[in-house]
Amino acid sequence: MLTVEEIKEIEHAIKLVPYKKAASVEALKVVQEHRRWISDGSLRDVAKFLDMSPEELDSVATFYNMIFRKEVGKHVILVCDSISCWVMGYENLRDQLFSRLGIKFGETTSDGLFTVLPNCCLGTCDCAPALMIDHDLYKNVKADELNDILKKYS
Amino acid sequence: MERPLTQHIRKDGRPLTLKEYEAVGGYQALRKLLVMTPKEVQTLVKESNLKGRGGAGFSTGLKWSFVPLDAPKPKYLITNADEMEPGTFKDRILLESTPHQLIEGMIIAAYAIQANISYVYLRWAYKTAAQAILTAIDEAATSGYLGKNILGSGYDLEMHLHIGVGRYMCGEETALLNSLEGKRATPRAKPPFPQVSGLFGKPTIVNNVETLCCLPHIINNGADWFKKLSLTGDAGTKIYGVSGKVKRPGAWELPMGVTLRELIEEHAGGMQDGLKFRGALPGGASTDFLVEEHLDVKMDYTSVAAAGSRLGTGTIVVLDDKTCPVGFVENLEHFFAQESCGFCTPCREGLPWVEKILSAIDSGAGKIDDLKLLEHHTKFLGPGNTFCAFAPGAMEPLQSALKYFRDDFEKHIHEHRCPY
Ligand SMILES: Cc1cc2nc3c(=O)[nH]c(=O)nc-3n(C[C@H](O)[C@H](O)[C@H](O)COP(=O)(O)O)c2cc1C
Ligand code: SF4
Ligand code: FES
């Protein structure tokens, strides 16, 4: 079931486009904003609201890497694995992060706090290597700073 | 040296408010614009020789002229702010620091094609930019620069911010349109071109952030002034960037046509101590390598093309002599294999194959015939064989690496290990 709040936000998105289906990406964003990820149940609810089949909406949802179709932790860590960061030490940073958290890409810590994912160029290549945690961008990240960075999230 | 696009950027990086932007001449171009005819604006921009800064370098004025001016409403103007080309970070600077400059540029472009609806298509990762743009759109609307009957001219323009949800392909302009329509971001067949049938089937122009930011200055100062900013035949300034193991990575607005050497040695401070320059991608991941013999190439569309590459986004990624060129290209092809939209077979199947071969070579398991296979792919995924420009772009760094760093590939294969 979509909440009243979610419905209000999706309806606002629909107003800006010529037909309902065109708001599908926006609608998925709205629901993910509230629920962190898009479960099969959420997907069906959104599809119904937009008069789409769940399959059709899923073909959209699974195309975009920032729509999460699997459950993610409270905080999502995105590590830039593109070229400038690779040159500047991405692999070491990644390995340190893995061993600090005890997980690999695509996994979530057992306390549900962090999910770590690789990500394409974050657009801050002159300050490589870089990573993002939720809305926060970290530049020129050194492996020995990871502890202090992670401490900020609970 | 004039730096029209970046001279007013604040040191602390905070975006210029509307008042601050007006105090340095902001929205004066808009006033001039509204007494010109759309055709006059198109002609002026055509004469200025402004070429699209999104990578392809097509004449902006010419592109606009394909929009049927008398087409029924609505028409659309879209800013491509999806910046995701690995190694590219130039639009971010403009978006975060001078959002009103972009908005004024968008109004100019929209007026030139008589569009009444405009979008900024922004990538999700640019959180600071999103806030800056939202605030700026609000301020502009409150002051009568956006909305109905702009400054009493009878011209209407609404503006929306759309934030994407990932995927490099969203930057390709027809895929961007599909994405805005709530579909998978796969490209569309051309023709029909978006100028005739774009967003929701209506005439649409998609322009890059940096392209649009040039427009207020062209309206204010004229076509000749804009041409004279450049050192070469390609007009204007350019926001160049350098990343990799140089002393001072960064981005700088400079006259179009400075040399690769000047960018690396002067602006980026040269290579880090103990390292030598081996090569560079001149304009993002999908451009051919330039090497030492090209250091004096002028970084404009024409000269970089003559040197066998493309200016692309003008943001340079440097390869040094202690970094493995095979690993470098493997990283690029991993990106491309992952970001392929999967719509056409050569790209969907070919890129993962290329990545696997490179990974085998890098780990010492490559065979000498693998180089032939890679070469075959550079042709098979080249221009004309795939549905969009993505796969040919992916082949550019590979084909030039095979040419310039062939010894390194062979050494990996003969020694069964990475020599770096
Ligand atoms: C795979 C691919 C990705 C692209 N990504 C971008 C991008 O992120 N930003 C951009 O401005 N242009 C991008 N382009 C180029 C656009 O298709 C289009 O040419 C450009 O936005 C037009 O603007 P301009 O004429 O002002 O350069 C991309 C092209 C391709 C093939
Ligand atoms: S070339 Fe690649 S990105 Fe372009 S349409 Fe084909 S599969 Fe998609
Ligand atoms: S390559 Fe990592 S931010 Fe651009």
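Only the coordinates and a few stated rules stand behind these numbers; no lab work does. Because the structure is a prediction, the values reported are computed rather than measured. Counting neighbours? That spans all protein chains shown, and the Cβs are built from the backbone with ideal geometry, glycine included.
Counting neighbouring Cβ atoms within 10 Å and putting the fewest first, the residues B:Cys347, B:Cys214, B:Cys324 line up as B:Cys324, B:Cys347, B:Cys214.
Once you reduce region B:1-43 and region B:367-390 to the center of their Cα atoms, the two points are 45 Å from each other.
Counting beta carbons within 10 Å around each of B:Glu2, B:Glu415, B:Glu139, B:Glu104 and listing the fewest first gives the order B:Glu415, B:Glu2, B:Glu139, B:Glu104. For B:Gly144, neighbours were defined as the other residues whose beta-carbon sits under 15 Å from its Cβ, and their charges (Lys and Arg +1, Asp and Glu -1) total -3.
Please compute the Kirkwood hydrodynamic radius of the protein assembly as shown from all pairs of different C-alpha atoms, in Å with one decimal. Please report the intermediate quantities before stating the final value.
On the way: mean 1/r = 0.0408 Å⁻¹.
It is 24.5 Å.
Residues whose amide H falls under 5 Å from that of B:Leu161, counting only those 5 or more places apart or on a different chain, are B:Val120, with hydrogens built in the peptide plane.
Over region B:374-420, Cα pairs under 8 Å with separation of 6+ residues give a relative contact order of 28 percent.
Taking the Cβ-Cβ separation of A:Asn147 and B:Leu231 as r and a Förster radius of 60 Å, what is the calculated FRET efficiency to the nearest 0.05?
Numbers: r = 48 Å, r/R0 = 0.81.
Result of the calculation: an efficiency of 0.80.
Counting only DSSP beta bridges with both residues in chain B, the antiparallel share comes to about 45 percent.
Counting only DSSP beta bridges with both residues in region A:75-151, tell me the antiparallel percent, nearest 5. All intermediate terms of the calculation are to be shown ahead of the outcome.
Details: 7 of 13 bridges.
Given both bridge residues lie in region A:75-151, the antiparallel proportion sits at roughly 55 percent.
Among B:Leu146, B:Thr98, B:Val120, which residue has its Cα positioned farthest towards the positive end of the charge dipole of region B:82-211, with +1 placed on the Cβ of Lys and Arg, -1 on the Cβ of Asp and Glu, and the dipole taken about the Cα centre? The residue sitting most towards the positive pole is B:Val120.
Between A:Lys70 and B:Asp224, take the C-beta separation as r, use R0 = 60 Å, and let me know the FRET efficiency to the nearest 0.05. The computed FRET efficiency comes out at 0.55. The alpha carbons of region B:141-295 occupy a box of 59, 40, 31 Å along the principal axes, longest dimension given first. Here the spin labels are modelled as points 7 Å beyond Cα on the Cα-Cβ line, and at B:Lys73 and B:Asp369 they lie 6.6 nm apart.
The local environment of B:Glu20, defined by Cβ-Cβ distances under 10 Å, has a net charge of +2 under the rule Lys, Arg +1 and Asp, Glu -1.
Are there any chymotrypsin sites (Phe, Trp or Tyr not before Pro) in region B:250-354 that are in a DSSP loop and have at most 13 other Cβ atoms within 10 Å? List them by number. Here no chymotrypsin sites (Phe, Trp or Tyr not before Pro) fit, given the DSSP loop and packing criteria. In this label model, B:Asp138 and B:Ser153 are separated by 2.5 nm, measuring between points 7 Å along each Cα→Cβ vector.
If a spin label sat at a point 7 angstrom from the Cα of B:Phe193 along the line to its beta carbon, the backbone N atoms of region B:72-88 nearer than 17 Å would be those of B:76-78. The charge dipole of the protein assembly as shown, taken about its Cα centre with unit charges on the Cβ of Lys, Arg, Asp and Glu (plus for the first two, minus for the last two), comes to roughly 860 debye.
Taking all Cα pairs closer than 8 Å and separated by 6 or more residues, the relative contact order of region A:4-61 comes to 30 percent.
In sequence order, region B:146-151 has phi-based couplings of 10, x, 7, 6, 4, 6 Hz under the Karplus curve 6.51 cos²θ - 1.76 cosθ + 1.60, θ = phi - 60°, and Gly or Pro positions carry x. Evaluating 6.51 cos²θ - 1.76 cosθ + 1.60 at θ = phi - 60° for every residue in region A:59-75, the Karplus couplings come out as 5, 6, 4, 7, 6, 9, 6, 9, 9, 8, 9, 10, 4, 10, x, 4, 10 Hz, glycine and proline recorded as x. Give me the angle, in degrees from 0 to 90, between the Cα long axis of helix B:99-113 and the longest principal axis of the Cα atoms of chain B, rounded to the nearest 10. Taking Cα atoms only, the helix is inclined about 80 degrees.
Here A:Asp136 and A:Tyr19 are evaluated by their C-beta separation; at R0 = 25 Å the FRET efficiency comes out at 0.10. In order along region B:306-311, the phi-based Karplus estimate (6.51 cos²θ - 1.76 cosθ + 1.60, θ = phi - 60°) of 3J(HN,Hα) comes to 5, 7, x, 10, 9, 5 Hz; Gly and Pro are listed as x. Label zone of B:Val35 (point 7 Å out along Cα→Cβ, amide N under 14 Å): in region B:192-231 this covers B:220.
Each Cα pair under 8 Å and six or more residues apart adds its sequence gap; the mean of these over the residue count of chain A is a relative contact order of 19 percent.
Listed by Cβ neighbour count within 10 Å, with the fewest neighbours leading, A:Ile38, A:Ile67 appear as A:Ile67, A:Ile38. Beta bridges from DSSP with both residues in the protein assembly as shown: antiparallel share about 45 percent, rounded to the nearest 5.
Take peptide A:17-28, look around each residue's Cβ out to 10 angstrom, count Cβ atoms belonging to other protein chains, and average those counts. Walk me through the numbers before you get to the answer.
Working: counts 5, 6, 3, 1, 3, 6, 2, 3, 11, 4, 1, 2.
Neighbouring Cβ atoms belonging to other protein chains average 4 per residue here.
Here the simple spin-label model places points 7 Å from the Cα toward Cβ, and for A:Asp40 and B:Asn385 these points are separated by 4.1 nm.
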